[in-house]
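Here is the structure we will look at.
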Amino acid sequence: MKLYTKIFVGLLAGGLSGLAVNVWAGRATWVHWVDTNVAGPVGQIFLRLLLMTVVPLVFTSITLGVAQLGDIRKVGRVGARSLAYFLLSTVISTVIGILLVNVVRPGVGVPVEVRQQLLDAYRGQVAGLQAGGSTTFGVDLFVNIVPRNPIQAAANLDMLGIICFALVFGAALTLIPEEKARPLVRVLDAVAEAIAKIIGMAMHLAPYGVFGLIFVVTSLLGWDILRKLLAYVLVVLVGLLIHGTVSLSLLVRFLGGLNPLVFWRRISPSVVTAFTTSSSNATLPTNIAVAEQELKIPPRIAGFVLPLGSTMCHNGTALYEGVTVLFLAQLFGVNLTVGQQVIAMVLSVITAVGTAGVPGGSLPLLMVVCATVGVPPEVVGVVYGVERILDMSRTTLNVCGDLTAAVYVARTESEWDPRLVTAQTGLPQAA
Ligand code: ASP
């Protein structure tokens, strides 16, 4: 059985058995015993395996990202254009997500006692995880971003502090002689790969972890929570759909000069691969082939923009993170001011850049965003049950975003002509 099928079975089995227990046994003491001694711990071990990757993951991915910017600078305009486009499309998708979750408010309206039960179910499981950073928007925030002691920042999970240190450290690596920096970059690269492996191994536990997490929640709360989760899933899916059909299509039309209908029709192999693998990295070979063969993008552009995009441009992930953090804040009654929402948005964009393009790659970073704005990171367990379908969907958007970037860069940087693509379809070209 494929892993994602197993995770889905775990979700279904955990949800249904939890619901059945909730309906028939209610608050019986044995239910509480099973929650605290069996289902809860299984879910928590899964969560902790992901959580333990957070500090090294953030540090290595951001340091490497910046250190590699040194190389990108050498590639000049193509690099700068790609990065600008990555940033633009990621910001647009995050804004869509944040607006949508504020309008629909899928997490609002949980009765206080239900909220308390939820918190009790998760509290203490991952003790001491509250972020060390400031969570209010003011001058203090900016001062506190710069850590006094990076080790302490790491120990306190002060993610803004770690990110700041990693940014500065990565920049410094590009300024020292290359022969000195190279060995360290290679070590960090190996660390990043090992961490991605750990996440991959943790994902093998996901079917059981997901079973445990969803069982605890549904056995405690029954239908109430399921309805909220469904609304949340719909918000993420609708957000992704809007980003794909409206913003990416407009970007392809106006920045790439290509008819979006042609674009979407041509890239379907990438869509299917991304949806089924949940991995930008795994989809990269297909994406390069699609760009070169279907979109006629010159290999030198496709071979540069797409690998970079699969590591740095994660539109769907950023939208997902923004919506999830705000949903959890609504669910647990954490009032986020506009300033805090802006922080959540900026962090979603930054952490999406640092996300590894593997299944579940953004999960540890999601906890980072939560912790920084004051949502207890352990409560992300609530949404892990429905994570797989969202991973498949957001990865699809990540990969499509990369292709739109390739179209834009090809249009501006080479002799590529959208007519090359439209000529074979019979559909009108856009520009
Ligand atoms: N699975 C996503 C990707 O590979 C990353 C994530 O959001 O977890 O693009």
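Close Cβ contacts (under 6 Å, 6 or more residues apart or on different chains) running from residues in the stretch 363-389 that are assigned to a helix (DSSP H, G or I) to residues that are surrounded by 24 or more Cβ atoms within 10 Å (Cβ to Cβ) and among the acidic types (D, E) comprise L366/E321; V369/E321.
Looking at G40, is it farther than 18 Å from L188 by Cβ and in contact with a helix residue (DSSP H, G or I) (Cβ under 8 Å, 6 or more places away or on another chain)? Break it down into steps so the answer makes sense when it comes.
Working: farther than 18 Å from L188 by Cβ: yes; in contact with a helix residue (DSSP H, G or I) (Cβ under 8 Å, 6 or more places away or on another chain): yes.
Taking the combined requirement at face value, the residue satisfies it.
Can you spot a residue in the stretch 110-119 that is more than 24 Å from A356 (Cβ to Cβ), at pLDDT 80 or above, among the β-branched types (V, I, T) and surrounded by fewer than 15 Cβ atoms within 10 Å (Cβ to Cβ)? Spell out the reasoning first.
We begin by selecting, within the stretch 110-119, every residue more than 24 Å from A356 (Cβ to Cβ); these are 110-119.
Keeping just the survivors that are at pLDDT 80 or above gives none.
No, the stretch 110-119 has no match at all.
For the stretch 304-321, the criterion of being acidic (D, E) and more than 16 Å from the ligand (Cβ to nearest atom) is met by none of the residues. Annotation note: of V55, V34, V91, the sole residue that is in contact (Cβ under 8 Å) with a residue 60 or more places away in the chain, out of contact with any Pro (no Cβ under 8 Å at 6 or more places or on another chain) and either farther than 24 Å from V358 by Cβ or not in a helix (DSSP H, G or I) (or both) is V34. More than 15 Å from A406 (Cα to Cα), within 16 Å of the ligand (Cβ to nearest atom), among the hydroxyl-bearing types (S, T, Y) and not in a helix (DSSP H, G or I) - does that describe any residue in the stretch 324-342? Within the stretch 324-342, none of the residues are more than 15 Å from A406 (Cα to Cα), within 16 Å of the ligand (Cβ to nearest atom), among the hydroxyl-bearing types (S, T, Y) and not in a helix (DSSP H, G or I).
Under the condition of being under 22 Å from L390 (Cβ atoms) and of a type in the set (A, V, I, L, M), the residues counted in the stretch 258-276 number 4.
The residue that is nearest to the ligand (Cβ to nearest atom), among those in the stretch 272-294 that are surrounded by fewer than 24 Cβ atoms within 10 Å (Cβ to Cβ) and within 21 Å of L420 (Cβ to Cβ), is T286.
The values are calculated or read from the model by the stated rules, or taken from the named source; none is laboratory data. If you're wondering where the values come from, they're calculated on a predicted model, not measured in any experiment. Ideal geometry is used to build each Cβ from the backbone, glycine not excepted, and the neighbour counts take in all protein chains shown.
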